[in-house]
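Okay, so here's the structure we're looking at.
The values are calculated or read from the model by the stated rules, or taken from the named source; none is laboratory data. Since we're looking at a predicted model, the values are computed, not measured. Every residue, glycine as well, gets a Cβ built from its backbone with ideal geometry; the counts of neighbours run over all protein chains shown. Accessible surface is based on the protein model in full, side chains and every heavy atom, while ligands, DNA and RNA are left aside. Shrake-Rupley method; radii C 1.70, N 1.55, O 1.52, S 1.80 Å.
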Amino acid sequence: MSIKAIFAIPFAKIATKKVYKWAKNPHKTQEKVFKNLISKGRKTAFGKDHNFSSIVTYEDFKKQVQVTDYEGLRTYIDRVVAGESDVLWTGKPLYFAKTSGTTSGAKYIPITKDSMPTHIKAAKNAMLFYIAEKKEANFVNGKMIFLQGSPVLTDKNGVKLGRLSGIAAHYVPQYLLKNRLPSWETNCIEDWDTKVNAIVEETVDEDLSVISGIPSWVQMYFEKLIAKTGKSISEIFPNFNFFIYGGVNFEPYKNKFESLIGKKIDYIELYPASEGFIAYQDSQTEEGMLLQLDSGIFYEFIPANEFFEANPTRISLIDVKIGVNYVIILNTTAGLWGYNIGDTVAFTATKPYRIKVTGRIKHFISAFGEHVIGKEVEKALKDAIIGTPITISEFTVAPQVNPESGLPYHEWFIEFEKEPENIEAFATIIDAAMQAQNIYYFDLIEGKILRPLIIRKVKKGGFYEYMKSIGKFGGQNKIPQLSDDRKIATVLTNFLIEE
């Protein structure tokens with residue numbers, strides 16, 4: 001065991017004890033964060049416009065600050081982007097994380113000198129928790145690869161601009177730089193296909209022990225490695241034992257990953273967002289991710305089934321319940337106030353507070369009043385493939401409101417790696433799982449308003465071709481797993497297997 005690995009274990013134990021100190025005092029921790037946010041916020045244009053000087057309690061805050069999103073803060077963010085100081089947070093941001101929006105076009109999410117360290121600390125602590133639990137750190141001797149966006153940053157009125165993953169690349173600890181792959185030059189390649197090919201060439205003969213990235217793009221990397229060598233990933237990288245991921249529910253991809261890897265490995269789930277690093281997996285045995293209560297974010301929650309009502313319930317951490325699907329609302333040291341990032345979460349535990357991401361509030365299907373959410377389609381697919389050799393590469397679901405004949409239905413677009421022998425029987429299993437989870441969907445099927453779902457087989461590589469066709473290939477781009485319209489489905493029909 002190297003010196004680096006030896007010292008990593010006691011260091012990890014110290015770090016985890018510090019985290020659990022605030023995790024065991026969650027409400028006191030959040031109250032401290034709230035008071036700091038309001039104190040700093042009083043000095044900003046937003047704070048003055050929203051009478052922060054009168055805010056003492058959370059109830060006061062709710063009266064002064066409405067729940068909003070990027071468009072709701074757009075006038076303030078535009079002032080920040082134009083170079084103005086003390087608008088949403090004190091001073092100017094260190095960075096703008098550029099993300100793609102739907103109604104907003106390009107979005108510029110501020111990252112400040114107060115918020116940036118919390119991103120780095122949370123990512124580091126996720127790995128330290130793994131070391132502390134496993135009591136093993138030999139992986140630090142091997143090479144580590146992080147599939148991410150380009151680290152090349154541009155200037156936006158004196159503030160550095162780039163993708164969050166590209167910004168984070170500038171904060172890799174010195175002691176890991178020698179172990180980190182790909183090279184800086186390769187990481188700067190913009191075209192994703194070219195970049196992955198270059199990464200394959202750089203890493204195929206290396207001893208990779210840690211791999212991180214969005215599952216669909218890491219899968220592409222694995223497939224290229226296997227095509228080049230004819231070996232499984234575990235044969236290419238025998239010391240690769242855990243995968244770090246975030247951004248999507250991994251369960252639907254797990255079978256495919258393990259077939260590519262050739263053995264079972266551990267996984268560390270992260271919940272990073274440009275708006276803040278929200279949670280990370282702190283245990284290999286407990287469900288959910290540890291909610292980051294000490295990272296400059298004051299959290300609010302709205303029951304997802306009330307979100308579109310005129311006066312939905314709006315609560316702080318103290319009132320949440322396990323198993324309820326909530327829209328998560330952030331107030332941050334980057335100056336995002338009452339900010340809806342669009343995600344839904346459910347609590348798996350409250351001692352300490354752990355969450356799982358259940359979907360997107362905008363990614364749902366309710367064309368017929370069924371209120372289907374991401375968690376339900378993911379579980380239905382997982383239940384259908386568990387214990388079978390079936391593996392999938394990617395999927396998405398959309399309503400078919402106006403079929404050429406017969407009743408409307410939900411249309412599932414699935415790219416199989418190994419498809420079921422009987423696609424209709426497979427569809428029946430998924431549909432039964434959907435009906436068991438969602439009473440509205442059950443009633444619509446039972447009442448002959450909808451017919452059972454239909455599966456469309458997408459050709460191999462079809463989802464990659466789809467993402468290329470819409471200009472969102474690689475990086476942090478993800479395919480929504482369900483949508484309430486036909487925008488994705490219409491384009492995907494060009495990439496189906498001809499029956």
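Couple of notes before you dig in:
- Fraction of beta bridges assigned by DSSP in segment 92-206 that are antiparallel (%, nearest 5): 65
- ³J(HN,Hα), Karplus 6.51/-1.76/1.60, whole Hz, each residue of segment 119-136, x for Gly, Pro: 4, 5, 5, 5, 4, 5, 5, 4, 6, 5, 5, 5, 4, 5, 6, 7, 6, 8
- Nonlocal amide H pairs with Arg163, under 5 Å, H built at 1.01 Å: Lys98
- The 3J(HN,Hα) values that the Karplus relation (6.51, -1.76, 1.60; θ = phi - 60°) gives for segment 47-55 are, in residue order, x, 5, 5, 10, 6, 4, 4, 9, 8 Hz. Gly and Pro appear as x.
- Antiparallel DSSP beta bridges within segment 227-285, as percent of all bridges there, nearest 5: 45
- Close amide H contacts of Thr333 (hydrogens built in the peptide plane, cut-off under 5 Å, sequence separation of 5 or more or a different chain): none are found.
- From its DSSP helices (H runs of at least four residues, each -39,500 (n - 2.57)), the chain gives a residue-normalised ellipticity at 222 nm of -10500 deg cm²/dmol.
- DSSP bridge pairs, the chain: antiparallel proportion in percent, nearest 5: 70
- Ligands, DNA and RNA left out, the accessible area of the chain computed with a 1.4 Å probe is 52% carbon and sulfur.
- Translational D in µm²/s for segment 385-430 (Stokes-Einstein at 37 °C, 0.692 mPa s, Kirkwood Rh from C-alpha pairs): 274
- Diffusion coefficient (Stokes-Einstein, Kirkwood radius over C-alpha pairs, 25 °C, 0.890 mPa s) for segment 135-288: 149 µm²/s, rounded to a whole number.
- Rolling a 1.4 Å probe over the heavy atoms of the protein chains gives the chain an accessible area of 44 Å² per residue.
- Of the Cα atoms belonging to segment 197-292, the radius of gyration and Dmax stand at 14.0, 42 Å.
- For Asp343, the residues whose amide H sits under 5 Å from its own are Ile328, Ile361, ignoring neighbours fewer than 5 places away on the same chain, with H placed 1.01 Å from N.
- Phi angles of segment 372-386 translate, via the Karplus equation with coefficients 6.51, -1.76, 1.60 and θ = phi - 60°, into HN-Hα couplings of 7, 10, x, 4, 6, 5, 5, 5, 4, 5, 4, 4, 6, 9, 4 Hz per residue; Gly and Pro are given as x.
- Once you divide the Cα radius of gyration of segment 21-95 by 2.2 N^0.38 Å, the number left is 1.22.
- Computed P(r) (all Cα pairs; segment 43-173; 5 Å bins; percent): 2, 9, 15, 17, 16, 14, 11, 8, 6, 3, 1
- Diffusion constant of the chain at 20 °C, which comes from Stokes-Einstein with the Kirkwood Cα-pair radius and 1.002 mPa s, µm²/s: 89
- Size estimate for segment 41-83 follows the Kirkwood approach: the inverse of mean 1/r over distinct Cα pairs works out to 11.2 Å.
- Relative contact order %, segment 52-116, counting alpha carbon pairs below 8 Å whose residues are six or more apart: 21
- Using the Cβ-Cβ distance between Ala227 and Lys28 with R0 set to 60 Å, the FRET efficiency works out to roughly 0.65.
- Residues in segment 69-91 reached by a label modelled at Lys48 [backbone nitrogen below 11 Å; 7 Å Cα→Cβ]: 86-87
- For segment 60-137, the share of alpha carbon pairs falling in successive 5 Å distance bins from zero is 3, 12, 17, 16, 16, 12, 8, 7, 5, 3 percent.
- For segment 310-366, average projected area of the Cα convex hull in nm²: 5.0
- Computed log10 I(q)/I(0) for segment 224-274 at 0.15, 0.16, 0.19, 0.28 Å⁻¹: -0.46, -0.52, -0.69, -1.12, from the Debye equation with unit scatterers placed on every C-alpha and solvent omitted.
- For segment 342-389, the convex hull spanned by the alpha carbon atoms encloses 106 Å³ per residue.
- Using the empirical formula 2.2 N^0.38 Å as the baseline, the Cα radius of gyration of segment 242-327 reaches a ratio of 1.34.
- With a cut-off of 18 Å on the backbone N, the residues of segment 304-329 near the modelled label site 7 Å out from Tyr440 along Cα-Cβ are 304-313, 324-328.
- In segment 350-499, the alpha-carbon atoms span a convex hull of 143 Å³ per residue.
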